[in-house]
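Below is one structure, written out as structure tokens, with a few remarks after it.
What follows draws every value from the coordinates through simple rules; no lab data is involved. All values reported here derive from a predicted model rather than from experimental measurement. All Cβ positions, glycine included, derive from the backbone under ideal geometry; neighbour counts span all protein chains shown.
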Amino acid sequence: MSHETVYAIASGKGGVGKTTTTVNLGTALAEAGERVAIVDVDLGMANLAGFVSLTPDSTTLHDVLAGDASIDDATYRLADSIVAVPSGTSLDEYAETSPEGLRDVVEELRSRFDYVFLDVGAGISHETVLPLGLADAVVLVSTPEPAAVHDTKKTIELTDRAGGEVAGLVLTRTRPDGDVSHDELGDRLEVSLLGTIPEDPAARDSVYAGTPLVVFEPDGPAAVAYRRLTADLTGLEIDVPEPDHDGDGDTASTDAEQSAAEPNTGGGDEVDAGGGDDADGGDDANDTDEREAAHDDVSSAITEAESDH
């Protein structure tokens with residue numbers, strides 16, 4: 001098992017699938033029985049609020065960083081073994097936050113969950129750079145498009161300045177007929193290619209269905225790729241289904257012999273996104289005052305955050 005348990009999921013450009021990647025990595029681990037917390041650390045442009053059906057009075061990470069609430073107050077259960085800590089959308093609340101308090105938040109969650117994923121905002125700001133140095137490793141997310149790859153280089157530089165460590169690169173929305181090989185893109189950025197996620201229409205469908213892709217279409221090419229990515233990133237044994245059909249060669253494994261498949265147009269049964277009971281007595285997220293998230297709101301914020309996806 002990897003010694004890394006806190007990952008910052010970052011991109012230099014919006015709309016490349018960063019939040020989608022965060023959600024599906026977390027869900028795949030939760031299905032395997034790991035306790036997972038997803039934290040929206042984009043304090044200025046929150047992406048995960050839709051996960052928990054927030055009302056105007058709901059408690060968020062903004063309140064925690066302003067010193068007005070505990071982390072338990074801002075933790076919401078999505079399903080078995082997985083919780084989310086959303087940021088607020090109010091600019092007034094944002095003005096009251098102290099990003100430096102994020103260090104204490106991360107350390108507390110680290111002690112209570114097996115894995116913590118920090119969904120980092122795009123761009124260059126203090127609250128964007130800070131999580132890059134707090135995480136054990138940074139997972140870079142980009143499409144193969146030149147502009148996205150260029151912005152990824154900036155994120156690598158920011159990670160270095162923050163004292164963080166890059167785990168590697170994930171390329172989303174890949175196609176087999178690209179002009180540049182995916183390995184070559186990783187070489188250009190001087191980072192390891194962790195995996196590729198093929199273009200898959202089920203990805204957007206899963207957002208509108210309010211269900212993570214690895215649950216919505218588990219045998220589809222992108223879902224299979226996300227599960228392989230999860231296994232490769234963490235070193236855990238993750239159940240990776242065989243794709244239904246021969247695919248285009250894009251997978252979340254750098255092994256050239258592994259290939260993704262065409263989407264399973266028959267559709268998969270919707271299952272619980274958790275897939276496992278909380279371990280070790282359940283005195284972590286079970287003891288917080290968590291509200292069960294409405295299932296049809298699970299990915300509504302991703303629709304906005306990944307509108308270009």
Name the single residue, out of those in the stretch 213-234 being among the charged types (D, E, K, R) and assigned to a helix (DSSP H, G or I), that is nearest to Thr21 (Cα to Cα).
Arg227
Could you please find all residues in the stretch 56-72 being within 22 Å of the chain's Cα centre (by Cα) and either surrounded by fewer than 20 Cβ atoms within 10 Å (Cβ to Cβ) or assigned to a loop (DSSP other than H, G, I, E, B) (or both)?
Thr59, Thr60, Ile71, Asp72
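Residue-wise test of (1) free of Cβ contacts under 8 Å to residues at least 12 places away in the same chain; (2) over 18 Å from Gly15 (Cβ atoms).
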{"residue": "Asp179", "(1), (2)": "yes, yes"}
{"residue": "Val191", "(1), (2)": "no, yes"}
{"residue": "Gly195", "(1), (2)": "no, yes"}
{"residue": "Glu199", "(1), (2)": "no, no"}
{"residue": "Arg204", "(1), (2)": "no, no"}
{"residue": "Tyr208", "(1), (2)": "no, no"}
{"residue": "Pro212", "(1), (2)": "no, yes"}
Criterion first (surrounded by 21 or more Cβ atoms within 10 Å (Cβ to Cβ), under 15 Å from Val16 (Cβ atoms) and touching a helix residue (DSSP H, G or I) at 6+ places or on another chain (Cβ under 9 Å)) does Pro198 satisfy it?
yes
Among (1) over 21 Å from Leu134 (Cα atoms); (2) touching a residue at least 40 places away in the same chain (Cβ under 8 Å); (3) of a type outside the set (Val, Ile, Thr), there is one condition Gly164 misses while meeting the rest; what is its number?
(1)
Anything in the stretch 151-208 that is touching a strand residue (DSSP E or B) at 6+ places or on another chain (Cβ under 6 Å) and in a loop (DSSP other than H, G, I, E, B)? List them, or say none.
Gly164, Glu165, Val191, Ser192, Glu199
Of the residues in the stretch 124-143, those that are surrounded by fewer than 20 Cβ atoms within 10 Å (Cβ to Cβ) and either touching a residue at least 40 places away in the same chain (Cβ under 8 Å) or in a strand (DSSP E or B) (or both) come to Ser125, Asp136, Ala137
